[in-house]
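Undergrad: My questions all concern the structure below.
The values are calculated or read from the model by the stated rules, or taken from the named source; none is laboratory data. These numbers were taken from a predicted model, which means no experiment stands behind them. Glycine also receives a Cβ, built like all others from the backbone with ideal geometry; neighbour counts cover every protein chain displayed.
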Amino acid sequence: MVTVLGVMFEGGPIESDLDRDIARLRSILALATLKKLVRVIPDVLVVTNRTDLADGARALGASIWLSPDEFHFGTYLRQVVEQYRPEALLYLGGASAPLVTEEEFLDIVEMLTSCDRVVAVNNPMSPDLIAFRPSAQLLHVPSPDADNVLGYYLKESGLARVVLPDNPRLNFDVDTPTDFLVLGHTKEGKSILGDELISLGWDDTTISRCVEIMHTPMSEVALFGRVGPSAMWDVNAHLKCRLRVFSEERGLKALGREHRVHSLIGSILDMMGPDQFFRLLASHADCAFMDTRVYFRHWGKSPSTWDRFRSDLGDYHLISDPTLARFTEAARNAELPVVLGGHSLVSGGIRLLVQETCAMDSPSASRT
């Protein structure tokens, strides 16, 4: 029998109340995922700097490595492999694919036991759920700073790559406040997050307005940023709205392009200014979803977590960077609803909202 080790990394520094709120929500998701994972894989290790998560994970039967606030991803993962020496390893981040099912975990484990040299990823460009065999192959690839390039390194080292089934459960990674708000629009997300998300008082009216617009036949929905074909396919297959899409800089992190981003939409924002850009956008679309990280990089910005997340929440008056504050204010005050977020918003996030929109037409929804 092939030995498979499940490994979850979750943590990071907490520098503000907003970081603390995000950390609490991520821990809730991590524990919900662990409940499913430990029923499939007997040996699960959680690497974290959060004692509350460590206590909860230990109660579920997981082993714990307490880590410092700042640590190197590749170094720690190598140490895991060297100490445990499993034949195969399934890695995921704490808030990666929070809606993945127990059956989907079982399918991944069965694939690892039946294939000798394989790496399975939930996203070919920037995965955050990666399963591979042999685990010792990790010792023969560069040590990555983050998980999104690990799948590429393992593939280039000679492992056969398998892309896991293309569905939003496996492809929705929760990182930003917007991601939590999107998750909170789903039935399972509400059951996992409960009152914790509601208690934060984050405004989700913009997302709600966009869901209503997506439900309206022949409405115009704009998607900007690292938009993949699956998101477009889901909208076109299930909704009667029309899409306006400009996709650019896919693989921004995995291909190491953070410092070489040159965005067409970013250039238009430079020429027009954000106020005029959103006025023009309102004449072409009824709502918009924007992966803002492309434009931040286009502007040569590496914003703090605080500024990025406050931009997602529309709190422009709390943003320290004047360029980001001006952009966020213009989006917040635009004539059309504009949802700001990261890559997950225009990939798994939009696909979950398509499901939410379809549910509005279900028989059970009409009876409520």
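Undergrad: With the structure loaded, tell me whether L154 is closer than 20 Å to R257 by Cα, buried (at least 20 other Cβ atoms within 10 Å of the Cβ) and either over 16 Å from the mean Cα position of the chain (by Cα) or modelled with pLDDT of 90 or more (or both) or whether it fails that test. Outline the logic, then answer.
TA: On the way: closer than 20 Å to R257 by Cα: yes; buried (at least 20 other Cβ atoms within 10 Å of the Cβ): yes; either over 16 Å from the mean Cα position of the chain (by Cα) or modelled with pLDDT of 90 or more (or both): yes.
Answer is yes for this residue.
Undergrad: Say we look at segment 200-214 and pick out the residues that are closer than 26 Å to D17 by Cβ and out of contact with any helix residue (DSSP H, G or I) (no Cβ under 9 Å at 6 or more places or on another chain); which of these is surrounded by the most Cβ atoms within 10 Å (Cβ to Cβ)?
TA: So the first thing to find is which residues in segment 200-214 are closer than 26 Å to D17 by Cβ, and the list is 200-208.
With the extra rule that they be out of contact with any helix residue (DSSP H, G or I) (no Cβ under 9 Å at 6 or more places or on another chain), the set shrinks to 201, 205, 208.
Values: G201: 6, T205: 9, S208: 14.
Restricting to residues being closer than 26 Å to D17 by Cβ and out of contact with any helix residue (DSSP H, G or I) (no Cβ under 9 Å at 6 or more places or on another chain), the top hit is S208.
Undergrad: Please go through (1) outside the structural domain of G94 (by TED's automatic domain parsing); (2) closer than 19 Å to D291 by Cβ for D166 and return the number of the only condition it doesn't satisfy.
TA: So D166 meets the others, but not (1).
Undergrad: Would you please name the residue that is surrounded by the fewest Cβ atoms within 10 Å (Cβ to Cβ), looking only at residues in segment 126-151 that are over 12 Å from the mean Cα position of the chain (by Cα) and either outside the structural domain of A97 (by TED's automatic domain parsing) or within 30 Å of S311 (Cβ to Cβ) (or both)? Let's see the steps before the verdict.
TA: Initial filter on segment 126-151 (over 12 Å from the mean Cα position of the chain (by Cα)): 130-147, 149-151.
Applying the additional criterion that residues be either outside the structural domain of A97 (by TED's automatic domain parsing) or within 30 Å of S311 (Cβ to Cβ) (or both) yields 130, 144-147, 149-151.
Working: I130: 24, P144: 19, D145: 12, A146: 14, D147: 22, V149: 21, L150: 25, G151: 29.
In this case the residue turns out to be D145.
Undergrad: Considering only segment 313-328, state which residues are part of a helix (DSSP H, G or I) and closer than 22 Å to I213 by Cα.
TA: Of segment 313-328, the ones part of a helix (DSSP H, G or I) are 316-318, 322-328.
Residue satisfying the conditions is T328 alone.
Undergrad: Scan segment 150-178 for residues that are of a type in the set (V, I, T) and touching a helix residue (DSSP H, G or I) at 6+ places or on another chain (Cβ under 9 Å) and jot them down. Full working, then the answer.
TA: Keep residues of segment 150-178 that are of a type in the set (V, I, T), which gives 162-163, 174, 176, 178.
Listed by number, the residues that qualify are V162, V174, T176, T178.
Undergrad: Anything in segment 313-345 that is touching a residue at least 60 places away in the same chain (Cβ under 8 Å) and of a type in the set (G, A, S)? List them, or say none. Write out each step before concluding.
TA: In the first step, residues of segment 313-345 are kept if they are touching a residue at least 60 places away in the same chain (Cβ under 8 Å); the result is 313-314, 337-345.
Passing the criteria: G314, G341, G342, S344.
Undergrad: Among the residues of segment 2-25, is any small (G, A, S) and at positive phi? Step through it out loud before you land on a result.
TA: Within segment 2-25, the first condition is being small (G, A, S), and the residues that meet it are 6, 11-12, 16, 23.
When the remaining residues are screened for being at positive phi, the result is 11-12.
Yes - at least one qualifying residue is present in segment 2-25.
Undergrad: Residues to consider are D275, D286; find the one that is buried (at least 18 other Cβ atoms within 10 Å of the Cβ), modelled with pLDDT of 95 or more and not aliphatic (A, V, I, L, M). Walk me through how you get there before you give the answer.
TA: Working: D275 fails: buried (at least 18 other Cβ atoms within 10 Å of the Cβ).
Every option except D286 fails the conditions.
Undergrad: Does S311 satisfy the criteria of being over 28 Å from L243 (Cβ atoms), assigned by TED's automatic domain parsing to the domain that holds V261 and modelled with pLDDT of 95 or more? Before the answer, list the steps.
TA: On the way: over 28 Å from L243 (Cβ atoms): no; assigned by TED's automatic domain parsing to the domain that holds V261: yes; modelled with pLDDT of 95 or more: yes.
Spelling it out, it is not the case that S311 is over 28 Å from L243 (Cβ atoms), assigned by TED's automatic domain parsing to the domain that holds V261 and modelled with pLDDT of 95 or more.
Table: residues versus (1) touching a Phe, Trp or Tyr at 6+ places or on another chain (Cβ under 9 Å); (2) among the small types (G, A, S); (3) over 21 Å from L164 (Cα atoms); (4) in contact (Cβ under 8 Å) with a residue 60 or more places away in the chain.
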position	(1), (2), (3), (4)
L25	yes, no, yes, yes
L31	no, no, yes, no
L106	no, no, no, yes
V109	no, no, no, yes
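Undergrad: Here's another thing I want to ask about it. Quick one: in segment 88-115, which of the residues that are part of a loop (DSSP other than H, G, I, E, B) and more than 14 Å from S135 (Cβ to Cβ) is farthest from the chain's Cα centre (by Cα)?
TA: Quick first cut of segment 88-115, residues part of a loop (DSSP other than H, G, I, E, B) only: 94-95, 97-101, 115.
Cutting the leftovers down to more than 14 Å from S135 (Cβ to Cβ) gives us 94-95, 97-101.
On the way: G94: 11, A95: 8, A97: 8, P98: 10, L99: 12, V100: 13, T101: 17 Å.
By that ranking, first place goes to T101.
Undergrad: For segment 1-15, which positions are touching a helix residue (DSSP H, G or I) at 6+ places or on another chain (Cβ under 6 Å), touching a residue at least 60 places away in the same chain (Cβ under 8 Å) and surrounded by fewer than 20 Cβ atoms within 10 Å (Cβ to Cβ)?
TA: Within segment 1-15, V2 is the sole residue that qualifies.
For every residue, the table says whether it meets (1) free of Cβ contacts under 8 Å to residues at least 40 places away in the same chain; (2) more than 23 Å from S16 (Cβ to Cβ); (3) among the β-branched types (V, I, T).
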{"residue": "P42", "(1), (2), (3)": "yes, yes, no"}
{"residue": "N49", "(1), (2), (3)": "yes, no, no"}
{"residue": "D52", "(1), (2), (3)": "yes, no, no"}
{"residue": "L60", "(1), (2), (3)": "yes, yes, no"}
{"residue": "W65", "(1), (2), (3)": "yes, yes, no"}
{"residue": "V80", "(1), (2), (3)": "no, yes, yes"}
{"residue": "R85", "(1), (2), (3)": "no, yes, no"}
{"residue": "L90", "(1), (2), (3)": "no, yes, no"}
{"residue": "G94", "(1), (2), (3)": "no, no, no"}
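Undergrad: Still on this structure, I have one more. Restricted to segment 252-267, and to residues that are crowded, with 16+ Cβ neighbours inside 10 Å and not hydroxyl-bearing (S, T, Y), which residue is modelled with the lowest pLDDT? Step through it out loud before you land on a result.
TA: Kept after step one, since they are crowded, with 16+ Cβ neighbours inside 10 Å, are these residues of segment 252-267: 252-254, 261, 263, 265-266.
From what's left, not hydroxyl-bearing (S, T, Y): 252-254, 261, 265-266.
Values: L252: 72, K253: 69, A254: 62, V261: 85, I265: 96, G266: 96.
Step by step, filter segment 252-267, then rank; the result is A254.
Undergrad: Let me ask something else. Tell me which residues, restricted to segment 308-340, are within 22 Å of the chain's Cα centre (by Cα) and aliphatic (A, V, I, L, M).
TA: Of everything in segment 308-340, those that are within 22 Å of the chain's Cα centre (by Cα) and aliphatic (A, V, I, L, M) turn out to be L313, L324, A331, V338, V339, L340.
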